[in-house]
Amino acid sequence: MQCWSCRSEITQGDAFCRFCGKGQETRIPWYYKHWGIIALTLVALGPFSLLLVWRSPLLGLRARWTYTIVIGALTWYLCVTTYQLWLRLNALIAPILTLS
Ligand SMILES: [Zn+2]
């Protein structure tokens, strides 16, 4: 078993890490939990929440890659959509600007 904070080997059932002193299991920060990562991704961090995904002690390798692919696809979709919207707005505004 590994400490979620410093990744030192600790014994299963230890309430605190004997190396860094961080509490185990029950004290894992909310932003490393599933709903915390999802909320932060949608509300604030976007693709930067991948840092949390890869640092989270709660996620296995498969969950990490799943999050990475989903967040990457969402980011890509948002970028493409924003770019298309920008092009459309430009096309809409261009004739108005050249009227004067
Ligand atoms: Zn530790």
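Worth pointing out:
- Rounded to the nearest 10 degrees, the inclination of helix 61-97 to the longest alpha-carbon principal axis of the chain is 20 degrees.
- Cysteine residues of the chain whose C-beta has no other cysteine C-beta under 4.7 angstrom: 79.
- Derived scalar couplings ³J(HN,Hα) [segment 3-13; Karplus, 6.51 cos²θ - 1.76 cosθ + 1.60; whole Hz; x for Gly, Pro]: 5, 5, 8, 9, 6, 6, 6, 10, 7, 4, x
- Neighbour-count order for 4, 86, fewest beta carbons within 10 angstrom listed first: 86, 4
- Estimated distance in nm for a label pair at residue 14 and residue 80, the labels positioned 7 Å out from Cα along Cα-to-Cβ: 4.7 nm
- Where only DSSP H runs of four or more residues are counted, the chain gives -16500 deg cm²/dmol as its mean residue ellipticity at 222 nm, each run worth -39500 (n - 2.57).
- For segment 33-97, alpha-carbon Rg over 2.2 N^0.38 Å: 1.53
Bear in mind that the values in this text are calculations on the coordinates, not laboratory data. Please read these numbers as outputs of a predicted model, since none were measured by experiment. Glycine also receives a Cβ, built like all others from the backbone with ideal geometry; neighbour counts cover every protein chain displayed.
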